[in-house]
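Written out below as structure tokens is the structure these notes cover.
The values are calculated or read from the model by the stated rules, or taken from the named source; none is laboratory data. All of these numbers come straight from a predicted model, not from anything done at the bench. FYI the Cβ positions are ideal-geometry reconstructions off the backbone, even for glycines, and counts take in every protein chain you see.
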């Protein structure tokens, strides 16, 4: 899906915030902002948000010389999420439908999205987790996902953010008896999960983890590595977490279940739901 | 005070929102955004926010051909505020200190600020009003203002926004026995109050109303009319409502009491308070 005009102020805010994570030098932060403003004033708005996001965060990386401005934020999110896991495992075991509970918790983890500019503290995450357990999700979608899982012979799980990936682990534990592998981003971009975040969640000890070779906060197939593209196209079911994967794959013909918490009006409009909703949405067939 | 870098994303958001008030033509809205992005990428950040705000809203006015994008929003705010007045008059009469109650309600009205991008509905205003009656204000400040009022021979009250000006009327009723006149902006800018808004609040029937001749969401003396400048400099006490007046007059040597609800971190930092605080702050001496 294409960006909306609402995305433009949001990109400028992201550039301001990302600069602030790396430096307190106001002159440098001003240079970042001016470069991003100039870039956006001329850039075509026909692309997806993750493609423009890559360029904007690329400006931040180039001007600051820091290739991973969100490194500390990612570590903090992982640590925080890992502390919450033992009690959540209990909730899953005690629930009537462990798969659905794990699915809901994995979607709740999608609140940890620094692209959205919210404060991600323990309270925010705990609220999202408890809300997510009772928020409506179409019953059909969950049953349909279960059915597709039982039919699939090659499942690819596209992770989204650090911290969030720790909650993905809960769902992956429920998927262990299916033929599933997980893919993370190839290079640092915002707080998106990398191989090391998958390792902190211990996912590499239970299923195969690959990376997509790219530095995009989403999945633009043409920009991913040859290996990832092969894994992507040979899969017969994809589970894609988060807004960035939705924005870049919503027009793909592949059979994809998008799992996300809707955090912005542009995506809510495209899906036909409200900001704040949690979504299990199937698109594509092949 | 100078703008902060946080103001830059905020300006882009304002341009997006102001465009949307006038037109649903996405191509035109995109042109507005591109022009504003290009302007901001080159503009010196040494000015005040209201001076840059004037330029940005000037771009919106020029490209849309609409000289008053917030006209309907201003009328709606006035109407909404006028509906709340009768019961608020009762609260003032019944209160232990009618002056302080009217002062607090006038500051609460400062929530009606479309520059901040919040939704200004009846509930938001009612919440601000009830909150403002109990929020802490330094007792010294209120007593100091009362003292200065009793000593002044020429008081100038600088209004801020439409809607808000209806609540200013409550405070002006308490000031009727002082030598006070009210000044509004000279030309449309965001939802700032003009002569017609002062008239809807009935202020012109109780005290003299002047305008400052300018189209700036604040008070930049050099850009105001000769008449306003004379009234400004001959006054021995100024009451200035809102963030825009603070941003443009906080370095003035004039004896000014700023009354505002703090709605952004840049101003909170300058004043040394928190976002959400209500403030009665004296600056200057002459």
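Computed quantities for the displayed model
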item	result
Segment A:5-25, residues that are touching a helix residue (DSSP H, G or I) at 6+ places or on another chain (Cβ under 8 Å) and more than 9 Å from chain B (Cβ to nearest Cβ)	A:7, A:18, A:21, A:22, A:23
Residue check for residue A:90: closer than 26 Å to residue A:280 by Cα, free of Cβ contacts under 8 Å to residues at least 40 places away in the same chain and part of a helix (DSSP H, G or I)	yes
Filter result (within 16 Å of the chain's Cα centre (by Cα) and within 16 Å of residue B:68 (Cβ to Cβ)) within segment B:199-216	B:211, B:214, B:215, B:216
Hits in segment A:233-246 - residues which are in contact with a helix residue (DSSP H, G or I) (Cβ under 9 Å, 6 or more places away or on another chain) and either part of a loop (DSSP other than H, G, I, E, B) or farther than 17 Å from residue A:193 by Cβ (or both)	A:233, A:236, A:237
Conditions (1) in a loop (DSSP other than H, G, I, E, B); (2) touching a helix residue (DSSP H, G or I) at 6+ places or on another chain (Cβ under 9 Å); number of the one not met by residue A:253	(2)
Selection within segment B:38-60 - at the interface with another protein chain (Cβ under 8 Å from one of its Cβ atoms) and either out of contact with any helix residue (DSSP H, G or I) (no Cβ under 8 Å at 6 or more places or on another chain) or surrounded by 24 or more Cβ atoms within 10 Å (Cβ to Cβ) (or both)	B:40
Scope segment A:3-45; condition in contact (Cβ under 8 Å) with a residue 12 or more places away in the chain and over 22 Å from residue B:14 (Cα atoms); matching residues	A:21, A:22, A:23, A:28
Lone qualifier among B:28, B:63 - being over 18 Å from residue B:132 (Cα atoms), at pLDDT 95 or above, within 13 Å of chain A (Cβ to nearest Cβ) and in a helix (DSSP H, G or I)	B:28
Residue within segment B:45-56 that is modelled with pLDDT of 95 or more, outside any helix (DSSP H, G or I) and under 21 Å from the mean Cα position of the chain (by Cα) present	yes
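Yes or no, residue by residue, for (1) surrounded by fewer than 18 Cβ atoms within 10 Å (Cβ to Cβ); (2) modelled with pLDDT of 95 or more; (3) under 22 Å from residue B:282 (Cβ atoms):
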position: B:118; (1), (2), (3): yes, no, no
position: B:128; (1), (2), (3): no, no, no
position: B:138; (1), (2), (3): yes, no, yes
position: B:145; (1), (2), (3): no, yes, yes
position: B:155; (1), (2), (3): no, yes, yes
position: B:169; (1), (2), (3): no, yes, no
position: B:179; (1), (2), (3): yes, yes, yes
position: B:194; (1), (2), (3): no, yes, no
position: B:197; (1), (2), (3): no, yes, no
